[in-house]
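Some notes on the structure that comes next.
Each reported figure results from applying straightforward, stated rules to the coordinates on display, with no laboratory input. Worth saying up front: this structure is predicted, and the values here are computed from it rather than measured. Glycine also receives a Cβ, built like all others from the backbone with ideal geometry; neighbour counts cover every protein chain displayed.
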Amino acid sequence: MASVRRFLPVAVIASLAVLSAPPVANAGHAKSINLRFPRFSVPPRSDREVCTFVMLKRGEPFDAAGTLIVNHGNRRDFTSHHFLLYAYSGQQLEAFAQYQGKIVDSKGCLDFGPLDRNSRVLIGGSQSERSLQIAPPGLATRIMPTVAGSTKAIGMILNSHWINGTDQTQHASVKIKIMPAKPHTVKRYLIPIFEVVANGFLKVPPHQVNSLAAWSWAPGGRDLGAGTGGAPIPKGAACVTQVTAHMHKRGKRFAVSFVDHDGSQTPLFEATDYSDPGQWPRTDQPLPGNWPLVVSPGQALAYQCTHDNGSDASTVPVKLGCEEKLGEPPGQSIVDQFAQRKNPTGGAAKRCTMIGPDPNECPPSDPAFPGRTFTGNCVEANLVFGFTSDDDMCILPGAYYDWDPVNGCNLGPLPVIN
């Protein structure tokens with residue numbers, strides 16, 4: 001069933017009327033931008049995460065009022081894990097030329113395109129078959145053009161991840177429609193919250209439950225997440241319009257609290273269903289009196305995830321992985337990887353499906369896991385951050401706009417900026 005949300009950067013849906021666009025298209029003034037992620041295959045009993053790039057010839061900024069996204073191919077045991085849409089804001093647009101219209105296997109698009117990872121603005125996304133995001137009145141997301149040689153253009157990075165639980169190869173595609181804001185109505189631009197640092201502490205041994213994955217989104221604080229896929233943190237006060245949660249199947253609880261200057265905490269949002277986390281503010285109730293929520297330097301949104309790595313096998317299975325050292329559960333956290341000077345996001349255990357010797361699933365080496373060797377045994381593993389649906393995450397997504405020193409978060413007196 002389709003759901004409608006006020007503004008939800010990681011849970012948005014599209015209408016069937018979305019039209020595909022060629023890899024290079026003219027976005028046009030005050031017209032919707034229509035994109036398509038080409039049809040791709042997902043092998044049996046596997047995850048596949050892929051990226052592509054689209055360049056839109058356009059010299060003027062595009063103010064987006066809403067985004068519609070549809071994931072095509074959903075059926076029983078074949079579903080979209082997520083779709084994410086980024087606008088590239090850096091100065092190396094030409095470096096994406098090799099990816100134009102091509103499908104590239106990539107984890108989170110972190111190895112896709114130039115290395116300026118903090119030059120990507122999250123525009124929207126989807127965790128379900130159909131969703132809709134609409135910006136609140138007076139707000140929009142601005143997409144800026146950049147330069148590729150002598151051409152001004154908007155560069156879009158499309159990231160799609162699907163899970164195939166069937167015994168047959170399946171196929172998927174995604175259609176996206178970015179709708180323009182009405183001219184002379186926008187007073188502030190929305191900016192994404194995509195806080196990922198808690199992922200670094202996620203590590204749950206077999207048959208245990210813990211809440212070690214925790215961090216805070218703190219304006220004016222040190223920005224530690226931009227290099228690993230997170231959005232930059234504001235330097236000044238922010239007017240938060242929405243927050244939600246992102247975990248995988250072993251995520252049992254996601255809690256967000258507002259932390260005041262004196263350190264006191266007020267619960268703001270809680271999710272216990274990873275597949276349908278909801279959001280703050282709730283979409284089935286009037287906006288609360290504290291909306292938008294002002295978060296100033298010295299204040300924060302603290303978030304914490306509780307993960308269960310098979311404490312009760314009847315409700316959640318233990319994570320399995322290919323053994324690397326005899327007698328030790330595989331799987332290293334991001335913090336572990338940093339300490340060992342290894343790829344920080346590459347510590348998740350190589351997936352396997354049945355405990356015991358299995359040289360086919362756990363060969364001595366695997367090109368997908370460079371620098372790692374395996375004993376040939378499939379064993380119970382640590383649950384850590386990883387890009388597949390069998391690993392896990394702890395991410396705080398949301399949106400905000402900049403606080404005004406005179407009017408605060410009150411949009412009424414502000415002049416129109418588009």
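Listing for the model above:
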| quantity | calculated |
| --- | --- |
| Between region 362-395 and region 319-349, the alpha-carbon center distance in angstrom | 7 |
| 5 angstrom amide H check on residue 174, placed H, neighbours 5+ away | 37, 72 |
| Contour excess over end-to-end distance, with Cα ends at residue 313 and residue 75 and 0.36 nm allotted per residue | 83.1 nm |
| J(HN,Hα) series, region 122-132, from Karplus relation 6.51 cos²θ - 1.76 cosθ + 1.60, nearest Hz, glycine and proline x | 5, 9, x, x, 8, 10, 9, 5, 9, 8, 9 |
| Highest-MSF residue in the chain out of 397, 344, 370 [GNM, Cα springs under 10 Å] | 370 |
| Ordering of 51-63, 372-384, 251-263 by burial proxy (mean other Cβ atoms within 10 Å per residue, highest first) | 372-384, 51-63, 251-263 |
| For region 405-413, Karplus couplings with θ = phi - 60° (6.51, -1.76, 1.60), whole Hz, Gly/Pro x | x, 9, 9, x, 9, 6, 6, x, x |
| From phi via Karplus (6.51, -1.76, 1.60), per-residue ³J(HN,Hα) for region 231-245 in Hz, x at Gly/Pro | 8, x, 9, x, 7, x, 5, 10, 9, 7, 9, 6, 9, 8, 10 |
| Cα-based Kirkwood hydrodynamic radius, the chain, one decimal, Å | 22.2 |
| By average C-beta atoms within 10 angstrom, highest first, the peptides 40-47, 300-307 | 300-307, 40-47 |
